[in-house]
Amino acid sequence: MCGIAGIVSQRPIESRELLALEKMTASLRHRGPDGEGCFRDPNVALAMRRLSIIDLAGGWQPIYNEDRTLAIVANGEIYNYLELREQLESRGHVLQTEGDIETILHLYEEDGLDCVQHLRGMFAFALWDSRRRRLLLARDRMGEKPLYLYEANGTLVFSSEMRSLIASGQVPFELDANAVNSYFHYQYVPEPLTPLRGVRKLDAAHLLTVQIDNWAVDEKCYWRMEDAPALEGDAPELIRDQLDKVSALVIRSDVPVGVALSGGLDSSAIAALAVHKYPGTMHAFSVGYPGRPPYDERADARSLADYLDMPFHEIELTTSDMVSFFPELVYLRDDPIADISGFGYYAVTKIAREQNVPVLLQGQGGDELFWGYGWVQSAARESARKRLLADRSSVARLRCYLKVQLPREVSRLGLGEWVHDAGGLRTGWQSLRRDREAPGNQLVFYDLVSDFRDFAREAKRVYTRSFLAQLNGSSPTSLFTKDLETDQIDIALTQLICDTYLRENGITQGDRLAMASSIELRLPFLDYRLVETVIGLRKMQSDSRNPPKSWLKAAISDLLPDWVMSRPKRGFSPPVMEWHREIFKVHGANLADGYLQQHGVLNPESAQRLAQGEFPQNAITPLSFKALVLEMWCRRMTN
């Protein structure tokens, strides 16, 4: 695991640009505290910081092929490197290291740009081909490892982190209006956009080549989950087979490996799968809160750790610690991400580092792959209904949308909600209006989320006129507007939730906060062969109407006891209202006449109102918190 950075230019690189690269590399020290390396060519300069995980003595970068015509710097891990090494050596390749990254060079010698097709893991790399005078940048299929790009005047600058790019002094800090608008709708900026104009991420599963002599910059996608071949068979059996295979791969390491453990199914499954294959003692790490409130998961996590005979480590997160650390937390996430639970991600990786466990497994991806979010299941059903009814008569549509339903539960609260919803008629009418007003090819997706809908109504009241003009009629709904057949909707919704919430809110946050403590985070559920298996099965047998995670639960039913399998969904859930209130007491005033107001994003009235920390009853992540996170991010990035 490392941080990489580089500059490639049509003209010879000058000393000021080399100094900029040094600043970028220094900014990545937390990603690689064990050492650094660099490569120089008249038109290319590459650099990296190393976190030693595999081949501790010999895996230093840059790495070269046999005749030194190729050089590579890379971030990540190639989990199937042992199998690749064996294949390459059988074909006559001479490998100089015992590590994983060198395999990419020799695969490139054989297959060129298709070298990425052989890689099973997480990676972002820069490979210089001196014969072709071509630089290749590549990113893994699910987007676990980041790569930021800025191109101007025949020069391309890239780095593993946004703040590294900014540290170079080569990138002007200018907010991108469409990206900011998407942020306020989603609570993050969906890739490949970033908040800064001119800066983007190399999208997941993409290659970018730069041909120096004629300065041709080309980008292409080399994999899409929705292209996975249809797969017949027993879903739990096939999924379990892939889980067993990937759990054996992700524990390959020359340093200790642990697991971030909550009380939920996903992290429990990863722990149970990995602990039985790990050759040493695997440690578990969790977080909790003072007074052990109902959402404190330590007892559940410890129970499973004891069941699996894993040493257990915990940390208690106080409100005062969160409030004081909040500005730094915003900065460490690198992108503005308005997820108040991020402090838990940071804390669990910090205690892992303190226990000298530099590799941590985590269960991210299980919810997105296996319908763990009820609203995504609803989106699939409602999108299918919308497509099916598009050509039906008005009467047929009314009958389908306006149905009286029985109460979900016979209780005062349940009956009260049922009466308020007029037995489901109110919700049905709102859905009908939504589907009639939206374009026919717009899927039902994030517009099911109250925060998204509320801000869509609020935007004109919040933004300045000049900022609204910059949006030029663009809409965040474009992400989920596409022409599909009805039978493709389940696949499309899986792809959308993985490309949006999982990648930018989950993966990005996890990577940056883990690397802040020099921890390599591994996410077994994101193994592309597991993903292809799920998608292939879904093409033959829809599971969107099954109970949440039915395939996953059936696949691991023999691994975990019933008291784990039957638990409700759990995560590192904090005391949201208390943290929000105290954060705004200390930091809320920054919004009043702050960066966002001074630079024409928020109008003065909205900035003053949001500075008070309002938290509407139906909000998940309130607008006030999103605004404060972006405000603090802008301040830290420009200081």
Extended-chain gain in nm, criterion 0.36 nm per residue less alpha-carbon gap, Asp306 and Asn639: 115.2 nm
Residue separation times 0.36 nm, minus the C-alpha to C-alpha distance between Asn472 and Ala216: what's the value? 89.2 nm
In the chain, helical segments from DSSP H whose Cα atoms cover 20 Å or more along their own axis and that average at least -0.5 on the Kyte-Doolittle scale are 235-249, 623-637
Skipping prolines and chain starts, which residues have an amide H placed within reach, meaning under 5 Å, of the one on Gly121, given they are 5 or more residues away or on another chain? Tyr79, Tyr528
Over the stretch 2-223, calculate the relative contact order: mean separation of alpha carbon pairs under 8 Å at least 6 apart, over the residue count, as a percent. 20 percent
Could you run the Karplus curve 6.51 cos²θ - 1.76 cosθ + 1.60 with θ = phi - 60° over the stretch 281-292 and give me ³J(HN,Hα) per residue in whole Hz, x for Gly and Pro? 9, 8, 9, 10, 9, 8, 10, x, 9, x, x, 6
Extension gain (nm, one decimal) between Glu437 and Glu89, 0.36 nm per residue minus Cα-Cα: 119.2 nm
Can you give me the C-alpha center-to-center distance between the stretch 233-277 and the stretch 557-604, rounded to a whole angstrom? 28 Å
Sort 170-182, 43-55, 86-98 by the packing proxy (mean of other Cβ within 10 Å over each peptide's residues), most packed first. 43-55, 170-182, 86-98
Among Lys539, Lys386, rank each residue by its count of other Cβ atoms within 10 Å, from fewest to most, as a rough exposure measure. Lys539, Lys386
Sequence-distant or interchain residues sharing an amide H contact under 5 Å with Leu196, placed H: which? Asp176
Quick one: Tyr278, Tyr188, fewest Cβ neighbours within 10 Å first, how do they rank? Tyr278, Tyr188
Sorted on mean Cβ neighbours within 10 Å (highest first), peptides 547-558, 7-18 come out as 547-558, 7-18
Would you calculate, for the chain, the mean residue ellipticity at 222 nm contributed by helices, counting each DSSP H stretch of 4 or more residues as -39,500 (n - 2.57) and dividing by all residues, to the nearest 500? -12000 deg cm²/dmol
Taking amide H atoms as placed 1.01 Å from N in the peptide plane, list the residues 5 or more away in sequence, or in a different chain, whose amide H sits under 5 Å from that of Asp55. Asp254
Taking Cα pairs closer than 8 Å and at least 6 residues apart, the relative contact order of the chain in percent is 16 percent
Looking at the chain, what % of its DSSP beta bridges pair antiparallel, to the nearest 5? 80 percent
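Quick note: the coordinates plus some simple rules give every number you see, no bench work behind them. Since the model is a prediction, treat every value here as computed from it, not as a measurement. Virtual Cβ from ideal backbone geometry, glycine too; neighbours counted across all protein chains shown.
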